[in-house]
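S.K.: Handing you this structure, nothing more for now.
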Amino acid sequence: MKLILKFGAVVLLVGVLVHISCKKEKTLATSSQAMKLAPIADAGSDQIILLPVDSVALTGKGIDPDGSVVSYSWKYLSGPVAFRIANANNAITKVNNLVSGVYVFELVVRDNDGLTGRDDVSIFVGDPLDPCAGCWDY
């Protein structure tokens with residue numbers, strides 16, 4: 001009789017442990033399914049131009065590992081205020097009317113889950129008539 005009780009206790013204990021283990025796995029699976037990945041923004045390479053050239057192409061990209069990129073937005077972060085972005089809501093756009101100085105623009109990409117990714121690019125504009133063309137502190 002003691003042997004049957006011991007065996008029953010072991011079976012019950014194993015059953016409880018299996019039940020708890022299955023619950024943990026299910027909870028972890030549910031948590032990982034709920035976790036969404038933010039998109040990755042790539043604003044492209046930094047660029048250097050010399051006046052009289054006063055425009056550059058901003059060539060951004062966005063990748064979303066678990067969905068799709070639904071919008072792009074270029075934003076001015078710093079530099080001279082003289083410029084014009086042709087279409088700030090395109091991945092690839094043109095910036096013109098640049099003057100001598102260092103500009104920084106940020107690309108923000110948004111995915112179908114509402115998450116965002118960011119990256120920035122610097123544009124160095126030199127003036128060949130300036131004795132210190134290209135001597136910026138950065």
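The values are calculated or read from the model by the stated rules, or taken from the named source; none is laboratory data. The shown structure was predicted, so the numbers you read here are calculated from the model rather than taken from an experiment. Backbone-built Cβ (ideal geometry, glycine too); neighbour counts: all protein chains shown.
S.K.: Six or more apart or on different chains, Cβ under 7 Å: which pairs go from a residue in the range 75-104 that's outside the structural domain of LYS61 (by TED's automatic domain parsing) to one that's surrounded by 16 or more Cβ atoms within 10 Å (Cβ to Cβ)? Could you list them?
M.R.: The qualifying pairs do not exist here.
S.K.: Can you confirm whether the range 36-43 contains a residue that is surrounded by 14 or more Cβ atoms within 10 Å (Cβ to Cβ) and modelled with pLDDT under 95?
M.R.: Yes, the range 36-43 contains at least one residue that is surrounded by 14 or more Cβ atoms within 10 Å (Cβ to Cβ) and modelled with pLDDT under 95.
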